[in-house]
1. Being without any contact (Cβ under 8 Å) to a residue 24 or more places away in the chain and within 6 Å of the ligand (Cβ to nearest atom) is the filter; apply it to the stretch 40-57 and report the residue that is least open to solvent (accessible area, probe 1.4 Å).
2. In this structure, is Phe97 within 8 Å of the ligand (Cβ to nearest atom), of a type in the set (A, V, I, L, M, F, W, C) and open to solvent by less than 30 Å² (accessible area, probe 1.4 Å)?
3. Examine the stretch 114-129 for a residue that is at pLDDT 95 or above, under 19 Å from Gln22 (Cα atoms) and not aromatic (Phe, Trp, Tyr), and state whether such a residue exists.
4. Suppose we filter Glu5, Glu81 for residues that are modelled with pLDDT of 95 or more and open to solvent by less than 30 Å² (accessible area, probe 1.4 Å); which single one remains?
5. With the requirement that a residue be part of a helix (DSSP H, G or I) and within 9 Å of the ligand (Cβ to nearest atom), what does the stretch 68-83 give you?
6. I'd like to check something: does the stretch 17-33 contain any residue that is more than 13 Å from the ligand (Cβ to nearest atom), of a type in the set (S, T, N, Q) and not in a loop (DSSP other than H, G, I, E, B)?
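The values are calculated or read from the model by the stated rules, or taken from the named source; none is laboratory data. Quick caveat: nothing in here was measured; it's all calculated off a predicted structure. Positions of Cβ are generated from backbone atoms using ideal geometry, with glycine treated the same way; all protein chains shown enter the neighbour counts. For the accessible areas, the whole protein counts, side chains as well, though only heavy atoms, and no ligand, DNA or RNA atoms are used. Shrake-Rupley method; radii C 1.70, N 1.55, O 1.52, S 1.80 Å.
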Amino acid sequence: MKDIENRTDIISLVDHFYSKVQDDQTIGPIFTQVANVDWSHHLPKMYDFWESILFAKAIYKGNPMLTHFSLNEKASLKEEEFTAWKTIFFNTVDELFVGENAETIKQKAQSIADLMHFKINSPKQKINIV
Ligand code: HEM
């Protein structure tokens, strides 16, 4: 097994990750039924997102926090959902890659997920939504 070295590797990681996500009972329906995600649009966006995070390239333009705040109005984004998301992400990385970048992308995913979980479920955010 090799490390995550370039965009081709990111594409492989992201494609495998969302293939598992779609089959997951906890978060799959949020993508396929609640958000009714257009994969031809979402996947390239996620390639850009992870390439920006891992290789410090400013190619992703967007605001993931805002996207998930509005998603949280339509679906449950709580401990169970974030645990499912992180478990699938970590397992996908570990199945495909090994090395420094593989460890880094898991740490980044963990930090962003934990921050997102905290912000979405903090009392201040609940007041803003109401
Ligand atoms: C409970 C966990 C999560 C669920 C159920 C979830 C679900 C979704 C869905 C359904 C979308 C598509 C929204 C749309 O196209 O209308 C989306 C977009 C996105 N998600 Fe998540 N997500 C989760 C956690 C995360 C985490 C932890 C990250 C980052 C580490 C992340 C990064 C993104 C990004 C970058 C986008 C694209 C935002 C944009 O620019 O439009 N998500 N997510």
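1. The residue in question is Phe49.
2. For Phe97, the condition - within 8 Å of the ligand (Cβ to nearest atom), of a type in the set (A, V, I, L, M, F, W, C) and open to solvent by less than 30 Å² (accessible area, probe 1.4 Å) - is not met.
3. no
4. Glu81
5. To start, the set of residues in the stretch 68-83 that are part of a helix (DSSP H, G or I) comprises 68-71, 79-83.
If the condition is that a residue be part of a helix (DSSP H, G or I) and within 9 Å of the ligand (Cβ to nearest atom), then His68, Ser70, Leu71, Glu80, Glu81, Phe82, Thr83 are the ones that fit.
6. Within the stretch 17-33, one or more residues are more than 13 Å from the ligand (Cβ to nearest atom), of a type in the set (S, T, N, Q) and not in a loop (DSSP other than H, G, I, E, B).
Residues are listed down the side, and each one gets a yes or a no for (1) at pLDDT below 95; (2) among the polar types (S, T, N, Q); (3) more than 10 Å from the ligand (Cβ to nearest atom):
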{"residue": "Ile59", "(1), (2), (3)": "no, no, yes"}
{"residue": "Trp85", "(1), (2), (3)": "no, no, no"}
{"residue": "Glu103", "(1), (2), (3)": "no, no, yes"}
{"residue": "Gln107", "(1), (2), (3)": "no, yes, yes"}
